[in-house]
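*Asks:* I am attaching a structure below and will ask some questions about it afterwards.
Every number here is computed from the coordinates shown, using simple stated rules; none is lab data. All figures in this text were calculated on a predicted structure; none of them were measured in a lab. Here the Cβ is made from the backbone with ideal geometry for all residues, glycine too, and neighbour counts use every protein chain on show.
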Amino acid sequence: MQTLNRRQVIRHANGQTTAYFYDSFVDPWRPAETVLLQHGFARTAEHFYHWVPALARRYNVIRRELRGHGGSSYPRPGEDDGGYEYSVATIVDEIKDTLDQLGIEKVHFVGESTSGMLAEIFAATHPDRVHSVVVCSSPTHLPLSAQQFLAFGMESWPEALRRLGSRGWAERLSGSSGTVGSDDAAYLAWWRDTVADSDAEGLARYAEFLGRLDSRPFLARIRAPMLILSPNNSALVSAQSMEDLAAQVPTARLEKIDSPGHEIYADAEDQCFAKIFEFLDSL
């Protein structure tokens with residue numbers, strides 16, 4: 001695989017396309033394992049640009065975009081979607097197919113926020129494809145209170161996205177305590193602009209899927225080493241929920257991250273890197 005630093009696209013048998021970035025600055029004569037970075041809801045691969053320099057010097061890095069996020073397609077209303085179903089089986093199979101098409105046998109799966117659930121389920125159902133799992137500010141499900149928080153007083157979370165648009169919804173989220181912790185105006189503007197790259201309908205349909213997603217039935221089946229990065233000021237996950245997660249996975253290691261909000265991958269990147277490299281070096 002060649003070293004790339006631009007968005008690429010693959011097509012699945014179900015007709016949908018998945019966008020990704022591939023970065024590697026590993027010495028070309030050295031073998032290297034692969035890290036799969038899966039961003040959380042409303043983020044894109046672009047939100048993890050700053051993880052590339054540190055990770056890609058030691059690992060091949062895939063930044064994959066979720067269904068309906070960034071450059072990845074979604075079944076549009078009024079179009080023939082071939083019976084596409086937003087289900088655990090569909091989404092997990094698309095992750096596997098991404099690895100298959102790229103010729104990647106195993107990964108260190110890093111799931112941020114709700115994508116930690118995907119990492120857990122993938123590790124449980126495809127143990128032969130995973131070296132390790134890292135979850136970052138990740139719930140095991142989204143209780144009604146979390147979905148109401150993300151709805152910002154509207155009928156539902158998906159409805160809020162459809163009414164506000166992706167940019168309007170991003171403005172509401174970034175203005176809420178315990179979410180995007182940065183106080184850098186330029187960063188916040190860029191963060192909102194990058195969320196707005198995704199269509200509101202694509203985000204809304206994925207939000208409907210996330211409202212049903214639950215990784216708890218899969219946790220006891222995880223055998224890969226697992227690192228849990230736990231935020232201390234998130235509006236969406238509590239320290240207790242992270243401890244409960246760790247208690248359900250025998251291979252889990254829990255590390256607390258001091259940060260002003262939920263998005264510790266950006267607000268506390270140095271702490272995250274220190275814990276991740278310590279974890280990976282121990283394997």
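*Asks:* Testing the spin-label approximation: label points 7 Å from Cα along Cα→Cβ at Glu79 and Arg212. State their distance in nm.
*Replies:* Label at Glu79, label at Arg212, 2.1 nm between them.
*Asks:* I want to check the label-to-label distance for Ala274 and Ser177. Put each point 7 Å from Cα in the C-beta direction and report it in nm to one decimal.
*Replies:* Spacing of the two 7 Å Cα→Cβ label points: 2.7 nm.
*Asks:* While we're here: Would you calculate a helix-derived [θ] at 222 nm for the chain, using -39,500 (n - 2.57) for each DSSP H run of n ≥ 4 and dividing by the full residue count, to the nearest 500?
*Replies:* -11500 deg cm²/dmol
*Asks:* Using only the Cα atoms of the stretch 44-92, what semi-axes does the equivalent ellipsoid have when each is the square root of 5 times a gyration tensor eigenvalue? Give whole Å, largest first.
*Replies:* In descending order the semi-axes read 30, 12, 7 Å.
*Asks:* Separation of the stretch 131-198 and the stretch 49-69 by C-alpha centroid, Å?
*Replies:* Centre-to-centre distance over Cα atoms comes out at 20 Å.
*Asks:* Using Cβ contacts closer than 10 Å as the measure, can you line up Thr18, Thr34 from fewest to most? Walk me through the numbers on the way to the answer.
*Replies:* Numbers: Thr18 23, Thr34 20.
Ascending number of Cβ neighbours within 10 Å: Thr34, Thr18.
*Asks:* So, in nm, how far is label Gln8 from label Asp281 when the simple model puts each one 7 Å beyond its Cα toward the Cβ?
*Replies:* According to this spin-label approximation, the distance is 3.0 nm.
*Asks:* OK, next. Given bins 10 angstrom wide, list per bin the percent of all Cα-Cα distances in the chain, short to long.
*Replies:* Taking every Cα pair in the chain, the percentages come to 7, 31, 39, 21, 3, 0.
*Asks:* Here is a further query. What are the ³J(HN,Hα) couplings of the stretch 198-206, residue after residue, when phi is run through the Karplus curve with 6.51, -1.76, 1.60 and θ = phi - 60°? Round to Hz, x for glycine and proline.
*Replies:* Here the 3J(HN,Hα) series is 8, 5, 4, 5, x, 5, 4, 5, 6 Hz.
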